[in-house]
């Protein structure tokens, strides 16, 4: 095994879950952690997601075979710039950032070049509406798709390629299915399958709060459908600010398309067009199971 020393920068929900998943699936090497919040770092340490807590990021990554950057996109980009001069050839860096175009561009600038460490951008399609190390879960990635968006430019050396292949194997052990995407395509798809549902849930939940507040009768009759529709509305802004900033164009496009569709529904509540919309929705709902995930899209 080439990966014997792993460093996780950012021991929140995903970073702690990565550490717990590694231990749960038999990783016997060392896991060092660092977080700007000492409380989160201590929780990750207490839970066994990491076995060493570092005082700063440069010290944490020294000698690591694999560095996992786990945080909001802007934090990841900041770490990439800070560590690009600290990391050495033979080290592999990956991340769990929710958007990839910005991260891929920075990877092309600071990594995957002679004399520099290598970078494999990644994004597990897994999470919760709550954050923090206390909510980390070794099974969080089981059944999820773990996306990778390797840069087309810049070539990893043989050692880095072997490290990347081994990391992919660990991801598979977590129970995730791996899939490669172009970074632009990644952000387009995630705007529809992840970011749009979040914005819809946030808008609906905020609207209900404005209109009904603490009305007991509304809350009493709100059933499973309402709970599921508004569950994501509890997600903290800190988790979504960077996603909105770094994928604004794609999210705007998805929101505009939805606004137009809602307008169509509103204008056709008493016409046969409403039946057609339900028919279209049921075609998607009742579609056949998804085909096997290809290695490259």
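Does at least one position in the stretch 191-201 carry a residue that is assigned to a helix (DSSP H, G or I), modelled with pLDDT of 90 or more, at negative phi and out of contact with any helix residue (DSSP H, G or I) (no Cβ under 9 Å at 6 or more places or on another chain)? Scanning the stretch 191-201, I find at least one residue that is assigned to a helix (DSSP H, G or I), modelled with pLDDT of 90 or more, at negative phi and out of contact with any helix residue (DSSP H, G or I) (no Cβ under 9 Å at 6 or more places or on another chain), so the answer is yes.
Residue pairs whose Cβ atoms lie under 8 Å apart, sitting 6 or more positions apart in sequence or on different chains, and linking a residue in the stretch 237-262 that is under 20 Å from residue 185 (Cβ atoms) to a partner that is exposed (fewer than 12 other Cβ atoms within 10 Å of the Cβ), do not occur here. Being assigned by TED's automatic domain parsing to the domain that holds residue 94, touching a strand residue (DSSP E or B) at 6+ places or on another chain (Cβ under 6 Å) and closer than 28 Å to residue 231 by Cα is true of residue 147. Name the one entry in 206, 225, 220 that is touching a residue at least 24 places away in the same chain (Cβ under 8 Å) and loosely packed, with under 15 Cβ neighbours inside 10 Å. Result: 206 is the single residue among 206, 225, 220 that is touching a residue at least 24 places away in the same chain (Cβ under 8 Å) and loosely packed, with under 15 Cβ neighbours inside 10 Å.
If the condition is being surrounded by 15 or more Cβ atoms within 10 Å (Cβ to Cβ) and within 14 Å of residue 94 (Cα to Cα), then the stretch 161-177 contributes 163, 164, 166, 167, 168, 170, 171. State yes or no: is residue 227 out of contact with any strand residue (DSSP E or B) (no Cβ under 7 Å at 6 or more places or on another chain) and in a helix (DSSP H, G or I)? Yes. The selection criterion, being under 30 Å from residue 48 (Cα atoms) and within 14 Å of the chain's Cα centre (by Cα), holds for residue 171.
The values are calculated or read from the model by the stated rules, or taken from the named source; none is laboratory data. In this text, all values refer to a predicted model and were calculated from it rather than measured experimentally. Backbone-built Cβ (ideal geometry, glycine too); neighbour counts: all protein chains shown.
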